[in-house]
Every structure is written in C-alpha cells, then in structure tokens.
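Comments concern the structure below.
The values are calculated or read from the model by the stated rules, or taken from the named source; none is laboratory data. The shown structure was predicted, so the numbers you read here are calculated from the model rather than taken from an experiment. Every residue, glycine as well, gets a Cβ built from its backbone with ideal geometry; the counts of neighbours run over all protein chains shown.
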Amino acid sequence: MEAIFHIITNGMERPLKLVLCGAAGRMGRQIAELIRSDKRFLLVHGIDRTAPWISPKGAPSAFDDTDVVVDFSAAEASAAFAAHAAKARKPIVIGTTGFTPAQLGALKAASKKIALVYSPNMSPGMNLLFALARKAAAVLPDFDAVIYEAHHALKKDAPSGSAKRLAQALGKEAPMLSARAGDIVGDHTVLLAGPDERLELVHRAHARRVFARGALQAARWVAGRKPGLYSMADVLGIG
C-alpha cells in the first residue's frame with residue numbers, strides 16, 4: 001500500500017511544498033500547470049538556467065523552504081541539485097536523463113543522506129511495461145525479442161532511454177528500432193516471437209502530462225521516506 005506523507009499544521013493538512021528545477025523546460029511547465037490545479041501541492045520556488053533563479057532565492061536557500069525537490073533540468077545541474085538537497089536534508093525526485101557514470105555516482109552519494117527517486121521515465125504505465133517485459137522474457141526465454149520505439153522529430157537520442165531500460169528488463173540481446181517523426185510523445189513496443197505465436201507489449205504516451213503526473217505521484221510518495229535510492233517501481237509497489 002502506498003504510504004502518503006501528510007503535513008499537519010494547526011490540526012489541518014497543508015499542501016506539499018515543492019521546489020521545481022528545470023521549471024522553464026517542457027516538463028517543468030507541465031508539472032507547474034498540474035500543480036496550479038491540484039490543492040495537494042504548492043510550488044514555492046522555480047529554478048531554471050534559462051531564467052536563473054526564477055524565484056528570488058538561489059537553490060541552497062530555496063531548498064530550505066520546501067518539503068520535496070522535483071528536478072527535470074540537465075544531468076550536470078541535477079547532480080548539483082541532488083547535493084544541495086542532501087545538504088538541506090530534503091527528498092528529491094529526478095526525471096533527468098543522460099547522466100555520466102560520475103553523475104550517477106553523485107546521485108547515489110546523495111541518496112545515502114536523503115530519499116531520492118530517480119527514473120528516466122515517470123509514466124506509471126511505462127514502468128509497468130518494464131515489469132511485464134521482465135516477466136514475459138522469463139516465461140518465454142527462447143522467444144526472439146525486438147524493441148521498437150518512436151518519438152517526436154526533435155528528439156536527438158536514439159534509441160530512447162526507455163528502450164534501453166526495456167532491453168535491460170528482457171535480460172538478453174534485442175534489436176532496437178527507432179523512429180523520429182512529427183510530434184509523437186512516446187511509443188514503445190516489445191515483440192517476443194516464437195514458434196507459431198508472438199506476444200506484443202505496447203505502451204503509448206498521449207501527452208507529456210502523464211510524466212508530470214508520475215513525478216507528482218513520486219513527490220507525494222518520497223516525502224517522509226528514509227534515505228535511499230528509489231525508482232518509480234518502488235513508488236508503484238512493483239519493485
């Protein structure tokens with residue numbers, strides 16, 4: 001069962017206060033929009049490199065005035081934000097991608113002091129697909145596997161980080177086919193083919209809001225957790 005952290009002030013539950021890093025980016029704007037329409041959350045500071053320190057305060061002091069930090073910035077910045085959060089003893093949710101091994105090491109170091117949720121894909125459905133792919137590959141070990149993914153034309157990396165995660169879940173070599181076209185938010189298909197039959201597992205994201213909702217779900221889950229490095233699988237209870 002999901003543990004929800006309630007903040008009580010003068011006998012009343014108050015909103016969860018958030019600092020949003022990468023606030024001016026596509027994901028940051030989606031998260032901010034959802035926060036404005038959800039009374040369970042309060043955005044107290046927004047931080048972004050394109051508009052440095054959108055709030056009057058810098059990151060270290062802003063982190064003192066929050067319950068949870070949510071970060072969708074860039075790898076180098078995320079590593080620094082994780083260190084700031086650890087110093088302030090504030091839990092953090094990170095959805096940034098493209099980390100180097102050293103930067104991932106910084107996240108692991110921070111997670112020794114605070115609860116840190118790291119997931120390159122915050123979609124609940126996509127994280128369930130990772131688990132289903134792992135189960136399917138275990139049950140059908142002799143089937144051939146292929147992964148197909150499609151994203152919008154401006155996405156530069158191929159295959160996607162989620163496609164790579166699917167390959168890891170399968171636990172074996174699998175060709176990864178990528179397409180970049182139009183404004184596709186994100187399609188992922190796992191094909192397992194054997195004698196006389198095949199199994200297809202498909203996830204399609206219709207809007208970036210699904211990732212924003214997942215991030216806010218993770219923020220509620222991580223508040224009050226003990227230090228550790230967590231994933232969306234932990235948030236969903238399928239870890």
Members of segment 202-230 found to be surrounded by fewer than 18 Cβ atoms within 10 Å (Cβ to Cβ) and either in contact with a Cys (Cβ under 6 Å, 6 or more places away or on another chain) or not charged (D, E, K, R) (or both), listed by number: Val202, His206, Ala207, Gly224, Pro227, Gly228, Leu229
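Taking the residues in segment 129-160 that are within 21 Å of Gly237 (Cα to Cα) and basic (Lys, Arg) as candidates, determine which candidate is surrounded by the fewest Cβ atoms within 10 Å (Cβ to Cβ).
Going through segment 129-160, the residues within 21 Å of Gly237 (Cα to Cα) turn out to be 129-138.
Of the ones still in play, those that are also basic (Lys, Arg) are 134-135.
Values: Arg134: 15, Lys135: 12.
Only one residue tops the list, namely Lys135.
Would you point out which residue out of Ala131, Ala137, Ala145, Ala150 is in contact with an Asp or Glu (Cβ under 7 Å, 6 or more places away or on another chain) and outside the structural domain of Gly28 (by TED's automatic domain parsing)?
Numbers: Ala131 fails: in contact with an Asp or Glu (Cβ under 7 Å, 6 or more places away or on another chain); Ala137 fails: in contact with an Asp or Glu (Cβ under 7 Å, 6 or more places away or on another chain); Ala145 fails: in contact with an Asp or Glu (Cβ under 7 Å, 6 or more places away or on another chain).
Among Ala131, Ala137, Ala145, Ala150, only Ala150 is in contact with an Asp or Glu (Cβ under 7 Å, 6 or more places away or on another chain) and outside the structural domain of Gly28 (by TED's automatic domain parsing).
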Selection within segment 29-45 - assigned to a helix (DSSP H, G or I) and of a type in the set (Lys, Arg): Arg29, Arg36
Those residues of segment 188-201 which are surrounded by fewer than 18 Cβ atoms within 10 Å (Cβ to Cβ), part of a strand (DSSP E or B) and of a type outside the set (A, V, I, L, M), in sequence order: Gly194, Glu197, Arg198, Glu200
